[in-house]
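Notes for the one structure printed next.
The values are calculated or read from the model by the stated rules, or taken from the named source; none is laboratory data. Because the structure is a prediction, the values reported are computed rather than measured. Every residue, glycine among them, receives a Cβ derived from its backbone with ideal geometry; neighbour counts consider all protein chains shown. Quick note on the areas: whole protein, heavy atoms, side chains included, nothing else; ligands and nucleic acids left out. Shrake-Rupley method; radii C 1.70, N 1.55, O 1.52, S 1.80 Å.
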Amino acid sequence: LTVSPQSGEKIGGTAANVFSQSFSVWFKAKNVAHTEPQIIWEVGGNTAAQAAFVSRSMLYYTSYDNSGDQANEQEVVSSSITSSKWYHAAGVYAKGTSSLWLDGRRVDYKENYSKNSYALTYTGRMGVGACYNDIRLVSNNENPYSATTYDTGQLPFTGSIDEFRIYYG
């Protein structure tokens, strides 16, 4: 799959309140050891977002929302992955709980996202294979307020992405 970040899709018009969503994807990274994230997919913007990316030989699935009174983030991470190998990944965010699956096995799980409504409220477009618009990627317990903002076309995925699906509820 070759995807241009300019092919992003806007979710829910001007803003989307996401109480649950899941994704499924096959991916093979050429080099998983990059310290910069390699975007599989991302959606959102500066104040709230979700993303799946490869960095530091691991797969990350993150959600954050700092549109309210406090910054909230949730991150689930796989065990070590290797370069040039196909993996099937799936992630679920549902009412404040995130889980990450790799090759049919749950590898991480976090409960009790601290927002009262559990909704992630974001605008912006979706990027597949690179960033679209502006996104903050929270990893290694960074505070979303201080995380770096990436722009369109940045953090490209080096490898292959196949059978990507995303579901919102």
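Structure values in brief
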read-out	value
FRET efficiency, T97 to D134 (Cβ-Cβ, R0 25 Å, nearest 0.05)	0.40
For T47, net neighbour charge (Lys/Arg +1, Asp/Glu -1) across residues whose Cβ lies under 11 Å away	-1
Other-chain or far-sequence residues with amide H under 5 Å of S83's (modelled H)	V32
Accessible area of K110 in the full protein assembly, 1.4 Å probe (Å², nearest 10)	80 Å²
From phi via Karplus (6.51, -1.76, 1.60), per-residue ³J(HN,Hα) for segment 35-50 in Hz, x at Gly/Pro	7, 7, x, 10, 6, 8, 7, 8, 8, x, x, 6, 9, 7, 6, 9
Listed residues Y150, Y60 arranged by accessible area, highest first, probe 1.4 Å	Y150, Y60
Hz values of 3J(HN,Hα) by residue in segment 20-34 - Karplus curve (6.51, -1.76, 1.60), Gly and Pro given as x	8, 7, 9, 9, 9, 7, 9, 8, 9, 8, 5, 9, 7, 7, 3
